[in-house]
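Q: Sending over a structure as structure tokens; questions will come in a sec.
The values are calculated or read from the model by the stated rules, or taken from the named source; none is laboratory data. Since the model is a prediction, treat every value here as computed from it, not as a measurement. Every residue, glycine among them, receives a Cβ derived from its backbone with ideal geometry; neighbour counts consider all protein chains shown. Keep in mind that these areas ignore ligands, DNA and RNA; they rest on the heavy atoms of the full protein, side chains included. Shrake-Rupley method; radii C 1.70, N 1.55, O 1.52, S 1.80 Å.
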Amino acid sequence: MVPDVTVVSPDRIMQLGFAYWGSKTLLSAVELGLFTELAHGPLDAETLRQRLGLHPRSSRDFFDALVALGLLERHDGQYANTRETDLFLDRAKPTYSGGFLEMSSARLYGFWASLTEDLRTGQPQNEAKTGGNFFTALYQDPVRLQGFAHAMTGISMGAAQAIARQFPWSQYATFADIGTAEGCLPVKVTLAHPHLSGIGFDLPPLCPIFDQHVGAFGLQDRLRFQGGDFFRVPLPSVEVLVMGRVLHDWSLDERRELLAKAYTALPDGGALVVYETIIDDERCKNAFGLLMSLNMLIETPLGFDYTGADCAGWMREVGFRETYTEHLLGPDSMVVGIK
């Protein structure tokens, strides 16, 4: 029997199958600084092409594709940013969220081409595949490290703002952000809650990057950096510990070790806040969280993302008496454990 194709269409399947076309168009636009250029004002196609140093052959198609994707506006032949791209993709604005997209274009996009091999072998497909180590090279290059730290701010900014709003900070006075990078979360939290003082904890090479970011907001009297490897030294003794986009990098045993160290460091009544692209408990709605777990397959030997119920269970295993999961925004949620 011939199926009735008038009822079921392959359109959604085909659009998803070629979604990388639109994705790479956006990533290239960010990499080229297109949205930063247009933040100064609308430009016609030829002027924009020259400013970006593009070949004339397909520049107009490139710009118009961004219009069709809803990333640019065009009026009377003049191209302009949308409200969202002007706010989040202009490198000159403090709201810039494109750092992680830049890293995605430079690194992750190519590695994802090996997903099929990764699914068959379970082995990372990043620099480790050819004997390299991304993080070893990263921490030896201050310029690249600063770019990476800024990329972490880009992907964490929304969640940090939501945590500053939603977590009951009025009940606490001190906190530490574990794996802080340049200090996005501590800055957002202390700006919103003047009574708080905090610590940004990360590997020592990040200290000057953290100090520069914190100093730009005038918060150096309330925020300080503490360097260390969280597997080798005790975690800071504060009332609230935050772990953002940390646990999914590690094996199950390693994340249990980190949770146990957090429990030890906290006082009775203290809280641990874990935030990530937490997968929904039914594992069928948060597609980005599930795709992030595949990204951990590509990037790490044993990392993976997890559900709120998973994390709450690990917290209870190490002693936390109370846990709850709360949505933040987009694909991000936090799991809170109370000692």
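Q: Over the range 97-172, what relative contact order in percent results from Cα pairs under 8 Å that are six or more residues apart? Mind dumping the intermediate values first?
A: Working: 41 pairs, mean separation 35.6, N = 76.
After rounding, I find 47 percent.
Q: When the convex hull of the Cα atoms of the chain is projected onto a plane and the area is averaged over all directions, what value comes out in nm²? The partial results should precede the final answer.
A: On the way: hull surface 86.7 nm².
Quarter of the Cα hull surface area: 21.7 nm².
Q: Also, I was wondering about something else. Calculated FRET efficiency, Asp253 and Val7, Cβ-Cβ r, R0 41 Å, to nearest 0.05? Each step should come with its number before you reach the end.
A: Values: r = 50 Å, r/R0 = 1.22.
With a Förster radius of 41 Å, E is 0.25.
Q: So, one more: Can you give the percent of C-alpha pairs in the range 174-276 whose distance is more than 16 Å?
A: Here the tail beyond 16 Å accounts for 54 percent of pairs.
Q: Considering only protein heavy atoms, what per residue accessible area in square angstrom results for the chain with a 1.4 angstrom probe? Before the final figure, lay out each step's value.
A: Details: 17100 Å² over 339 residues.
Result: 50 Å² of accessible area for each residue.
Q: Rounded to the nearest 500, what is the chain's calculated 222 nm mean residue ellipticity when only DSSP H runs of at least 4 contribute -39500 (n - 2.57) each, over all residues? Kindly include the intermediate steps, with their values, before the conclusion.
A: Numbers: 15 runs with 149 residues, N = 339.
The helix-only estimate for the chain comes to -13000 deg cm²/dmol at 222 nm.
Q: Rounded to the nearest 20 debye, what is the charge dipole size of the chain about its Cα centre when +1 sits on each Lys and Arg Cβ and -1 on each Asp and Glu Cβ?
A: Numbers: 28 positive and 41 negative charges, 63 e Å.
The calculation lands at about 300 debye.
Q: Still on this structure, please answer the following. Carbon and sulfur: what percent of the range 1-82's accessible surface (1.4 Å probe)?
A: Accessible surface attributable to carbon and sulfur in the range 1-82 totals 57 percent.
Q: Right, another one. Can you spot the lysines whose alpha carbon is less than 25 Å from Lys93's alpha carbon? Ignore those fewer than 8 places along the same chain.
A: Qualifying lysines at Cα under 25 Å: Lys24, Lys188.
Q: Using the Cβ atoms and a cut-off under 10 Å, what net charge is assigned to the surroundings of Gly337, where Lys and Arg are +1 and Asp and Glu are -1?
A: Details: positive: Arg316, Arg321, Lys339; negative: Glu322.
Taking every Cβ under 10 Å from that of Gly337, the sum is +2.
Q: What distance in nm lies between label points placed 7 Å from Cα along the C-beta direction at Gln220 and Ala92?
A: With each label point 7 Å from Cα toward Cβ, the separation is 2.6 nm.
Q: Per-residue HN-Hα couplings for the range 330-339, Karplus 6.51 cos²θ - 1.76 cosθ + 1.60 at θ = phi - 60°, whole Hz, x for Gly and Pro?
A: x, x, 8, 9, 10, 10, 10, x, 10, 7
Q: If you average 1/r across every pair of different Cα atoms in the range 1-148 and take the reciprocal, what Kirkwood value do you get, in Å?
A: Numbers: mean 1/r = 0.0556 Å⁻¹.
One decimal place: 18.0 Å for the Kirkwood radius.
Q: Another question, if that's okay. I'd like the carbon and sulfur percentage of the solvent accessible area for the range 100-163, probe radius 1.4 Å, heavy atoms only, ligands and nucleic acids excluded.
A: On the way: 1850 of 3240 Å².
The computed percentage sits at 57.
Q: Further, regarding this structure: Checking a compactness column here: for the range 110-220, what do you get for Rg(Cα) / (2.2 N^0.38 Å), N being the number of residues?
A: It is 1.31.
Q: Give me the percent of DSSP beta bridges within the chain that run antiparallel, rounded to the nearest 5. Show your work: numbers first, answer last.
A: Values: 19 of 39 bridges.
Antiparallel bridges: around 50 percent, rounded to the nearest 5.
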